[in-house]
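First comes the structure, then the notes that go with it.
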Amino acid sequence: MSVVGPGRKRPRRRHSLAVALAGLVTAALGTASLVSCSTDSDRDSGSTFSPTPTGPDTASFSGTSPSALASIGASVKESARAAASAAASSASAAASAFEASVSADVERANAAARKELAGVDGRGNATSEVALTGKPRSQTGGLLVLVVNITNKTDKTASYAVQVDFRDPDGKVVETRYVGAQDLKPGGRAQPLAISRKPAQPQLTAEIAKAQRY
């Protein structure tokens, strides 16, 4: 057994301390290397902490573009105008067809009625034997049509002439029609039509201006 004298350091303890310090240094260097590698790896792989912004994917969008909507609107307006024009033409054709259905005999009776009433003063002698009723516009092509109901309330065969006036909302006579019935037997009835050719608006009212039995 060797004894170290006073003031002398022990070689074994110094060696052990050096080995421990070397180990600590190696461990520290290893840790720094790992941190550096991890940081570099994150940078290389594109860290999620700094994403690159991208534009929206418009391929999956749905809807109609403003230009397409404008085109659709124009098409709808054009269709509406065409429909309105077609409706007006159809109404005019229906009105003409209704008027054409009035027979030539009725027209002759109406002409005779106008001639007869030309010499009548006042309202005539047969207003109590005449009454007016209307027909639905859906049946007349949109025209204002009145049924002139004539009833021979005497005991003799007679002919009738009737004047129908159409007035506007101000009470002004804007149209006059003449209708007649010829050779009605006692108790007999006739229903000629008084047809106005004025537009539907303003709304007109009708009255029996004259009615003469002859």
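The values are calculated or read from the model by the stated rules, or taken from the named source; none is laboratory data. Computed from a prediction, not measured in an experiment: that's the story for all the values here. SASA here: full protein model, heavy atoms, side chains in, ligands and nucleic acids out. Shrake-Rupley method; radii C 1.70, N 1.55, O 1.52, S 1.80 Å.
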Check segment 130-137 and report whether any residue there is modelled with pLDDT under 95 and hydroxyl-bearing (S, T, Y).
-> no
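So, in segment 191-211, of the ones that are closer than 13 Å to N110 by Cα and open to solvent by less than 70 Å² (accessible area, probe 1.4 Å), which residue ends up farthest from the chain's Cα centre (by Cα)?
Step one: of segment 191-211, the residues closer than 13 Å to N110 by Cα are 191-195, 211.
With open to solvent by less than 70 Å² (accessible area, probe 1.4 Å) added as a condition, the list becomes 192-195, 211.
Values: P192: 40, L193: 37, A194: 36, I195: 33, A211: 48 Å.
Per the stated criteria, the residue is A211.
Might you check whether a residue that is open to solvent by 60 Å² or more (accessible area, probe 1.4 Å) and at pLDDT below 95 occurs anywhere in segment 145-155? Working first, answer last.
Of the residues in segment 145-155, the ones open to solvent by 60 Å² or more (accessible area, probe 1.4 Å) are 153, 155.
With the extra rule that they be at pLDDT below 95, the set shrinks to none.
No; the residues of segment 145-155 include none that is open to solvent by 60 Å² or more (accessible area, probe 1.4 Å) and at pLDDT below 95.
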